Amino acid sequence: MSDNQDFDLIIVGAGSGGVRLARMSAAKGARVAVVESRYLGGTCVNVGCVPKKLFVYGSHAGEDIEDAAGYGWNVPGDQISFDWTRLVANKNAEIERLNGIYGRMLANAGVTVIEGTASLADAHTVVVGERSYTAKHITIATGSWPVVPDVPGKECVLTSNEMFYLPQLPRQAVVWGGGYIAVEFAGILAGLGVETTLLYRGDLFLRGFDDDVREFTATEMRKKGVDLRFGVNIESIESEDTHYNVDLTDGSRLHTGLVMAATGRRALVDGLGLEGLGVQLSASGHVVVDDHFQTVVPSITALGDVIGTPQLTPVALAQGMVLSRRLFGDGQGEMDYACIPTAVFCQPNIGTVGLTEAEAREAGHKLRIYRSEFKPMKHTLSGRDERSLMKLVVDADTDRVLGAHMVGPDAGEITQGIAVALKAGATKAQFDSTIGIHPTSAEEFVTMREPVA
Ligand code: NDP
């Protein structure tokens, strides 16, 4: 390793990928610094996965209280109330605790944390404020940032960043978009009693998920009172006193207390000076890297949301480990993007791994489809009208399970285990020969006997 540089590696961005790369590299003996302008832990810890999941728990707790009545608990509705500011304060305390843990983890690993905004002066020099730091390798791990479409009144719109610190809940809210963040926040708000409308420009939200999952989720969300409106977009927004008037492409107008855009995220490369160094950016603004996270500048690598691979924390973590091994280990290691499981924490949750039915058909597979829809046992006594869906997409020639999809409580938890089976190439016969765990919803994945198609 080079001795005439300040560090062996400077990472710009202390999010999931950057922190993992830093710790793994320091553990291999590298002299590592991380530059961070905002918060340790990045989007996931501060304004993403972690606070979102806490809000989902908070939102769902209302239903749990109601459901307890069927189990014999006396739940006097007029004595139940919800305090948004307490939820936000408790969430903030937990995030601060995690920020502290991240700081200690980096310090204990011997990683230098440099607070400030970084720019690259040359292929080996990072400038932060008045100071310059040199390194043999520089990794861009700056993540992504919400995008708000360019419509009149866009300045009235909040993004997930602000939603996590909302001072008070409105009576009504409009959620704009039909991806992960939109359905998760629509569920959070509706569960907390906000009259919620979700606007999506296409025919059916959650593009890219299995069609059965998309339709089933829409039905379940509507049952919970979310007003889902498809085939419509926002044309303009105007603020009036404490409310907003939202004009839609179908000519209608909504009056609402809040508009949240969940319309995608862009790579965060502003001010880094990458293009001046010859680092290529794609048409969508992502840093272009090869399979080994290498940009065209030999000393500069990049990973995580900023390179346009699936914007998921576990993907960034895995990339951090591979890159560390390549830079400071045996130089080996590849990312495997096949069969990445994912969950959407809408209510009920979605869990999915492998191919959707449409993707499998498009890839030319002859298929057997297994599908089960049922009322989860919990709701026999709770009386709640909520159903679950499970679906397996199976290659008819090889019997291999190509995709597993679920909508229902704990879908994320269940799908993680199913993902191991798919990754190992499990066949439907192996699913069938697996003994179920009774009584669970998960056992349905190993007891679906008759194909529906
Ligand atoms: P997504 O890309 O998932 O969804 C963006 C949504 O906005 C789509 O429905 C898209 O429509 C719509 N959209 C985009 N541009 C416009 C426009 N100009 N006008 C109207 N609608 C528009 O982004 P998110 O912001 O929801 O999330 C970003 C990423 O973060 C996700 O892809 C995911 O990788 C990650 N994430 C993961 C979570 C998890 O693991 N549980 C939770 C939250 C985020 P269309 O489909 O037509 O393009």
Distant-in-sequence amide H partners of SER236 (H built 1.01 Å from N, under 5 Å) | ASP247
Highest average packing first - 7-17, 316-326, 427-437, Cβ atoms within 10 Å = 7-17, 316-326, 427-437
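Can you give the FRET efficiency for GLN280 and ASN74, using 1/(1 + (r/R0)^6), R0 = 56 Å, r = Cβ-Cβ distance, to the nearest 0.05?
On the way: r = 64 Å, r/R0 = 1.15.
Efficiency at R0 = 56 Å is approximately 0.30.
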If each part is reduced to its alpha-carbon centroid, segment 201-230 and segment 47-66 end up apart, in Å, by 20 Å
Among the helices of the chain (complete DSSP H runs), which have Cα atoms covering no less than 30 Å along the helix axis and a Kyte-Doolittle mean of at least -1.0?
-> 84-108
Value of D in µm² per second that Stokes-Einstein yields for segment 255-321, Kirkwood Rh from Cα pairs, at 37 °C (0.692 mPa s) = 245 µm²/s
Around SER144, which amide H atoms from residues at least 5 apart in sequence, or from another chain, sit under 5 Å from its own amide H, with H modelled in the peptide plane?
-> LEU268
Structure-based [θ]222 nm, the chain - -39500 (n - 2.57) summed over DSSP H runs of at least 4, per residue, nearest 500 | -9500 deg cm²/dmol
Distance (nanometres) between label positions extended 7 Å along Cα→Cβ at ARG266 and TYR57 = 3.5 nm
Two pseudo-spin positions, 7 Å from Cα along C-beta at ASP203 and at THR447, lie apart in nanometres by 3.5 nm
Phi-based couplings in Hz for segment 434-446 (Karplus 6.51, -1.76, 1.60; Gly and Pro marked x) | 7, 6, x, 9, 10, x, 9, 6, 4, 5, 4, 5, 10
Once phi for every residue in segment 302-311 is put through the Karplus expression 6.51 cos²θ - 1.76 cosθ + 1.60 (θ = phi - 60°), the whole-Hz ³J(HN,Hα) values, with Gly and Pro written as x, are 8, 8, x, 3, 5, 9, x, 6, x, 7
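Go ahead and run the numbers for FRET between PHE230 and LYS154, Cβ-Cβ distance against an R0 of 35 Å, rounding to 0.05.
Details: r = 22 Å, r/R0 = 0.62.
Computed FRET efficiency for PHE230 and LYS154 comes out at 0.95.
Counting pairs of alpha carbon atoms under 8 Å apart in space and at least six apart in sequence, what relative contact order in percent does the chain give?
Working: 936 pairs, mean separation 70.0, N = 453.
Relative CO of the chain lands at 15 percent.
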Using packing as a proxy for protection, rank 205-211, 94-100 so that the peptide with the highest average count of other Cβ atoms within 10 Å comes first.
-> 205-211, 94-100
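Say the cut-off is 18 Å between C-alpha atoms; which of LYS223/LYS375; LYS375/LYS423; LYS52/LYS91; LYS53/LYS91; LYS53/LYS375; LYS391/LYS428 go over it? Please list the in-between numbers first.
Details: LYS223/LYS375 14 Å; LYS375/LYS423 29 Å; LYS52/LYS91 9 Å; LYS53/LYS91 10 Å; LYS53/LYS375 24 Å; LYS391/LYS428 12 Å.
Those over the limit are LYS375/LYS423; LYS53/LYS375.
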Calculate one ³J(HN,Hα) per residue across segment 287-293 by plugging θ = phi - 60° into the Karplus curve 6.51 cos²θ - 1.76 cosθ + 1.60, and present them in order as whole Hz with x for glycine and proline.
-> 6, 7, 10, 8, 5, 10, 6
If the chain between SER433 and GLU240 were fully extended at 0.36 nm per residue, the gain over the current Cα-Cα distance would be 63.3 nm
What FRET efficiency, computed as 1/(1 + (r/R0)^6) with R0 = 56 Å and r the Cβ-Cβ distance, is obtained for GLU115 and ASP397, rounded to the nearest 0.05?
-> 0.50
How about LYS28: which lysines have a C-alpha closer than 19 Å to its C-alpha, ignoring those fewer than 8 places off in the same chain?
-> LYS136
Positive-pole candidate from PRO376, LEU355, HIS405, dipole of segment 299-441, charges at beta carbon | PRO376
Note down the nm distance, to one decimal, between modelled labels 7 Å out along Cα→Cβ at SER81 and at GLU373.
-> 4.1 nm
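How many percent of DSSP beta bridges within the chain run antiparallel, rounded to 5? Numbers along the way, then the final one.
Values: 46 of 75 bridges.
Antiparallel: roughly 60 percent of the beta bridges in the chain.
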Antiparallel DSSP beta bridges within segment 1-136, as percent of all bridges there, nearest 5 = 45 percent
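Every read-out reported here was derived from the displayed coordinates using simple, explicitly stated rules and does not represent laboratory data. Quick caveat, the model's predicted, so the values are computed rather than measured. Every residue, glycine as well, gets a Cβ built from its backbone with ideal geometry; the counts of neighbours run over all protein chains shown.
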